[in-house]
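Step one of this worksheet: look at the structure below.
The values are calculated or read from the model by the stated rules, or taken from the named source; none is laboratory data. Keep in mind the model is a prediction, meaning the values are calculated, not measured. Ideal geometry is used to build each Cβ from the backbone, glycine not excepted, and the neighbour counts take in all protein chains shown. Note: accessible area is taken over every heavy atom of the protein model, side chains too, but ligands, DNA and RNA are not part of it. Shrake-Rupley method; radii C 1.70, N 1.55, O 1.52, S 1.80 Å.
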Amino acid sequence: MKLGARILKTGVAIVFALYLANWFELPAPIFAGVAAIFALQPSIYRSYKTIIEQVQGNLIGAVIAVIFGLTFGHSYVVVGFAVVVTLIIMMKFKLEGSISLALVTIIVIMEFQEGSFIEFAMWRFVTVMTGVLAAFIINLIFLPPKYEERLFTSIKYLQTDIIKWIRLAVRQASEHTSTKQSLRRLRKQFERVNNLYKLFKEERGYTKKARNMKHRKLVVYRQMLITMTKSIEVLNRLHLHENELSHLPEKFHIMIQERLDFLLTYHEQLLLKYTGKLKAEHTTWIGEEEFLQRNEVMDIFAQHIVHEHASESEEEFSSYHLLHILSRILDYEENLEHLNTLITSFIQHHASESFKEENEEVI
């Protein structure tokens, strides 16, 4: 298990919350540490949203705990009813994110045994909010995450893996079960990369220039993810219809293989282009005279179907599934062209701010 920034931040936030509660001489400082655990978030923006939601949620929990405590007492059954009412109210106001800590607030308030219940409830509420505030402060100053670097590195490594499997699949060199397992793994990894994109999207710029650049980057990364999904779809179709692919005429099979090899290399070079690692003369691939255009591919495919029908063979089912493969390949190609356009535009407007890889760490 790797000791990451999130683990360190959690420990530091708990310690800071405990010391802060002790410094203010709050009763039961342990509850401040518990609150810090719930309030810690992976980004500054989420931490900001969390502290607002936690204040609202804890206030609702504290008020309900006081009302039920004064009206019905402090038995376990009353605690249960207070929790149910709190859940209903918080779901009504769409405060699901702060439910857990609000329920903790109810429990720590309703464990009252003697003295002034109102004063006891107030101090417990303040203790819990101290933990929330401590987590927010730690999130602001302790190891701010660099989600863009993690995002691009994860995209690069996942896309490289997808490209490897497509090259094997189109040559029918991969074992069926291994490809199936890899597809399942690639989809799970894509979800993790997509979550990184969401975290990067939540980061806020402090100047107009930074915000404009961030918006352009988001468009580029979103297209990278869309293009990645298209490449996964290509791999999935090659896997599902590997039998039909194996029975294609050799000339047609080679045409598909060469086109995919071309597009996969194109994709690899686009990622290099975004990081400034590609020479200026290698900026255009699609449109070369010797490269078949999309309409030419479809013409060849149509001729293949006509030939199969004329020969009275039983390959109509195979041709139908081949159409699915070709449509995915052409869709993948169109998205690569769009990605190239976006990267070129970004470099033209923000050449000095282009992304530079600093390490090889992935999630």
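Okay, here's what the table says:
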| read-out | value |
| --- | --- |
| Within the range 240-265, tally of residues that are in a loop (DSSP other than H, G, I, E, B) and open to solvent by 30 Å² or more (accessible area, probe 1.4 Å) | 2 |
| Selection within the range 131-167 - open to solvent by less than 70 Å² (accessible area, probe 1.4 Å), of a type in the set (Lys, Arg) and more than 14 Å from TYR221 (Cα to Cα) | ARG167 |
| Residues satisfying the stated conditions in the range 266-299, i.e. modelled with pLDDT of 80 or more and surrounded by 13 or more Cβ atoms within 10 Å (Cβ to Cβ) | TYR266, HIS267, GLU268, GLN269, LEU270, LEU271, LEU272, LYS273, TYR274, THR275 |
| Count of the range 108-123 residues which are outside any loop (DSSP other than H, G, I, E, B), open to solvent by 60 Å² or more (accessible area, probe 1.4 Å) and farther than 23 Å from LEU20 by Cβ | 1 |
| Qualifying residue in the range 125-148 (condition: over 25 Å from the mean Cα position of the chain (by Cα) and aromatic (Phe, Trp, Tyr)) | yes |
| Candidate set from the range 77-107 (those that are in contact (Cβ under 8 Å) with a residue 40 or more places away in the chain and over 18 Å from ALA32 (Cβ atoms)); member that is surrounded by the fewest Cβ atoms within 10 Å (Cβ to Cβ) | GLY97 |
| Test: residue in the range 154-165 that is more than 23 Å from LEU260 (Cβ to Cβ) and not basic (Lys, Arg) | yes |
| Subset of the range 25-76 [of a type outside the set (Val, Ile, Thr), open to solvent by 80 Å² or more (accessible area, probe 1.4 Å) and over 16 Å from GLU119 (Cα atoms)] | PHE38, TYR48, LYS49, GLN56, PHE72, TYR76 |
| Tally, over the range 63-92, of residues that are at pLDDT below 85 and under 30 Å from the mean Cα position of the chain (by Cα) | 0 |
| Selected residue (only one of ILE343, ILE347 is at pLDDT below 90, over 30 Å from GLU244 (Cα atoms) and of a type in the set (Val, Ile, Thr)) | ILE347 |
